[in-house]
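Step one of this worksheet: look at the structure below.
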Amino acid sequence: MNATRHSFFFSFAEKYTVLLLSIVATMILSRLLTPAEVGVYSLGAVLVAMAQVVRDFGVGQYLIQEKTLTTEKLRAALATSLVVAWLLAALVLAASGPLARFYAEPRLQLVLQLLSINFLLIPFSALTLPLLRRQLRFRAIYAINAANSVTNLLVGVGMALLGHSYMSLVAAVLAGSMASLLTSLVVRPRELPWLPGRRGVKAIVSFGAYATGGGLVDEAGVVAPDLVIGKMIDIESLALFGKTQSMLSIFNQAITSAISPVVFPLFAARDREEGGAGPVYVRTVSYMTALAWPFFLFLACMALPLVKVLYGPQWSACTPLIRIMCLSSAVYSIFSMARYLFVATGRMRVQAGLDAWAGGLKVAALLLAAPFGLVAVAWAVVFSTLLRSWLIYRCLRRFSGLDWRVLLPTLRKSLALCAISSPPPLCMLLWMPADMPHAIPLLALAGTALATLLCWIGGIFLLKHEIAAEFVLVQRKLLGRWLAVKSLH
């Protein structure tokens, strides 16, 4: 196995190990804690999320993209990370009381105070991860993130079983950060300095200001629903909405996050060539919609048994929210890779403008919808996502020449594939009673998922979809390896 394949192997292993452990932790803690208990922590985590964007201040990106890293630059990066993170810790600590009063939730103050400790710990390992990525040492990254996830799971479940309520989630986060720190000390690159330095800080701050500004705008749009719900509805509704988003994010964690690191440099490479990045983007849309549309149709139909299996019956109120928001997630899959296209082709200002407009419109829609309840908020998210998709389409048509005449043939084939995959989940939706026993949802899910997968695989070959070629390639590689192993025996 060459170095590149070795790196990809551990990169995917790390991603799916963390995802699996996260799902296990969610399944257990959702049954040990009530929505109201989870909501207290969720609100604190959402408020801290904005500070987390600033915490790195572009230091990680700087270390990865910088052509030559000297000891002086590394010390400057460490100094920047320490100053920014510790200032944020002080800010979160000082704001904990006012924020608790603003949300009329006294328990929130202690949650924020404890989460501020995280900012004190993170800088000591902040340089390790980006430098390991720069060196393609994904085995070490796997060890750090796996240690975090395992510790998070064990501490969270253990504290919940002992009756520590929402504090078990806070303790899990802090313990996970400590595990990451200790593991990073074992695998840290030798060239990393132990002491910070002042020289070169100005260059890092200049780089980080631009990177952080864009991240803040994007993160504001992500956390806006939680902040609005926490203030205008209640803590329990915030927890329900959070679980809904967790369910919808499975696709991003399993598929989008694995594709985006590949398409970004690919777009950049094609843009430097005469053909441009447009044809590659169309092919990416073909793959994304072929995967996303059947997935979100299955999720919408099987939302109730999925919620009962993953979270337990006390979270069944998530079901209508999931079904509503699957619509926007399916539509946005057409445009989810446009961000990487714009940045790769040097149109970062276009992307920043899209983020600003879409974020502002989303907040306005949420504020108008919140007084009418969670279902109205879900429809507001759908409306704002559709509006964002329309804005992205306009930019694609203007800057890349990608209009509906180019995209429609690809979308038509993916829509047909979705239709071929739809009978199993639609039939199960019509047959399945709302008050089914607990044992039935797991059997229904397994059987329906297998039937849907078989229909989907048959559909891609029947329609001669572009993604079928990837299946043939994987099949040939697996067959070749099997024959090679068999010949050795």
Structure shown: which of 15/308; 243/362; 243/464 lie over 29 Å apart, alpha-carbon to alpha-carbon? 243/464
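Can you bin region 314-438 into rounded, prolate or oblate? Criterion: square roots of the alpha carbon gyration tensor eigenvalues sorted a ≥ b ≥ c, rounded for a/c under 1.5, prolate for a/b above b/c, oblate for the rest.
Oblate, since a/c reaches 1.5 and b/c is not below a/b.
Students sometimes get this wrong: rank 461, 383, 138 by accessible area, probe 1.4 Å, all chains present, largest first.
Values: 461 95, 383 125, 138 40 Å².
Largest accessible area first, the list is 383, 461, 138.
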Solvent-accessible area of residue 191, probe 1.4 Å, all protein chains present, reported in Å² to the nearest ten, please. 90
Run the 1.4 Å probe and let me know the accessible area of residue 103, rounded to the nearest 10 Å². 30
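The values are calculated or read from the model by the stated rules, or taken from the named source; none is laboratory data. Note that this is a predicted model, so its numbers are computed, not measured. Accessible surface is based on the protein model in full, side chains and every heavy atom, while ligands, DNA and RNA are left aside. Shrake-Rupley method; radii C 1.70, N 1.55, O 1.52, S 1.80 Å.
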